[in-house]
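Structure record follows, encoded as C-alpha cells.
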Amino acid sequence: MPPLRRSTRLQHHSYANPVQYWLMKAEPDSRIVKGIDVKFSIDDLCNMKGSTSPWDGVRNFEARNIMRDKMNVGDKVLFYHSNCKTPGVAGTAVVVRSGYPDHTAFDKAHPYYDPKSSPDSPKWYMVDIKFESKFPKVVTLNQLKQHEDLKEMVLIKRGRLSVQPVRKNEYEFILDLAK
DNA sequence: GCCAACGTTGGC
DNA sequence: GCCAACGTTGGC
C-alpha cells in the first residue's frame, strides 16, 4: 500500500468557509448592571489591546447558538449601538476567533455568572472580534428603516436579538450608506 | 422612564 | 407540553 498522503496545500485554501455577515449589538452609554458598567462602543473595541475583544455576556439561546455554531473566523460584523440616543450601525469588525465557552459565566463574583454553566459543561459561548472600521457618522436605525432594500433585515423585522444574521446585500448597502 | 414585544421560567 | 407570570430588550 502506498503511504497515505494528504495535501497541506488543499487544507490551507480549498475548503475555506464562505464569508458570512452578522450584526452585533452593544450599548455605547454607561449602564451599571450588578456593579459593572456594560458600556461598550466601537471606540471601546478600537481601544482594546490588539483592538480585539471577546463578546462575552450574551445570555440568549439564539444568539448563543449563532456564536457557538455558525460564526467563522473571517466573518464580517456590523457593530451596532443600541439602547442609546441615536441607535444605529457605528462601524465594522471581523471575527478573529470562533465560538468558545464564555468563562464569565463560571465566576461567582461576575455579574454574568450563571450557576448552570460550568467548564465541564459550558452553557454560554462567545467569539472574539477585531475592530475594522468606524463610520464617519453612525448609520442610524431611522435611516435603515427608510430603505426598501433593508426592510427584510432581522434588525428591522424583528429587533430584539443581540447577535443576528445579515445578508450580503444588506451589509454592502449599509457600507454604502456609511460613505 | 415608559412600555410593547417577546424570551424564559416553572407550576401543573 | 401548555401557558401565566415574570424578566429583559431596546426604541422612543
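Only one residue in A:N72, A:N60 is within 16 Å of DNA strand B (Cβ to nearest atom), among the polar types (S, T, N, Q), in contact with a Ser or Thr (Cβ under 7 Å, 6 or more places away or on another chain) and open to solvent by 30 Å² or more (accessible area, probe 1.4 Å). Which one?
Details: A:N72 fails: within 16 Å of DNA strand B (Cβ to nearest atom).
After applying the criteria, what remains is A:N60.
When you look at A:D44, is it closer than 18 Å to A:Y112 by Cβ, surrounded by fewer than 22 Cβ atoms within 10 Å (Cβ to Cβ) and over 14 Å from the mean Cα position of the chain (by Cα), yes or no?
Numbers: closer than 18 Å to A:Y112 by Cβ: yes; surrounded by fewer than 22 Cβ atoms within 10 Å (Cβ to Cβ): yes; over 14 Å from the mean Cα position of the chain (by Cα): yes.
Here the answer is yes, as A:D44 does meet what is asked.
Listed here are the residues, each with its yes/no results for (1) more than 20 Å from A:D56 (Cα to Cα); (2) out of contact with any Gly (no Cβ under 9 Å at 6 or more places or on another chain).
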| position | (1), (2) |
| --- | --- |
| A:Y125 | no, no |
| A:L141 | yes, no |
| A:K145 | yes, yes |
| A:M153 | yes, yes |
| A:V163 | no, yes |
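If you go through the range A:29-36 one residue at a time, do you hit one that is crowded, with 16+ Cβ neighbours inside 10 Å and either within 24 Å of A:F135 (Cα to Cα) or within 16 Å of DNA strand B (Cβ to nearest atom) (or both)?
First pass over the range A:29-36, keeping only residues crowded, with 16+ Cβ neighbours inside 10 Å: none.
No, there is no match, as no residue in the range A:29-36 is crowded, with 16+ Cβ neighbours inside 10 Å and either within 24 Å of A:F135 (Cα to Cα) or within 16 Å of DNA strand B (Cβ to nearest atom) (or both).
Evaluate the following for A:S53: is it at pLDDT below 90, open to solvent by less than 60 Å² (accessible area, probe 1.4 Å) and closer than 22 Å to A:V95 by Cβ?
On the way: at pLDDT below 90: no; open to solvent by less than 60 Å² (accessible area, probe 1.4 Å): yes; closer than 22 Å to A:V95 by Cβ: yes.
No; evaluated as a whole, the condition is false for this residue.
For the range A:29-77, name all the residues that are assigned to a helix (DSSP H, G or I) and not charged (D, E, K, R).
Keep residues of the range A:29-77 that are assigned to a helix (DSSP H, G or I), which gives A:42-47, A:49-51, A:61-70.
A:I42, A:L45, A:C46, A:N47, A:G50, A:S51, A:F61, A:A63, A:N65, A:I66, A:M67, listed by residue number.
The values are calculated or read from the model by the stated rules, or taken from the named source; none is laboratory data. Here the structure is a predicted model, which means the values were calculated and not measured. Glycine gets a Cβ as well: all are built from the backbone with ideal geometry, and neighbour counts include every protein chain shown. Ligands, DNA and RNA are stripped out before the accessible areas are found, and what is left, the full protein with its side chains, is counted by its heavy atoms. Shrake-Rupley method; radii C 1.70, N 1.55, O 1.52, S 1.80 Å.
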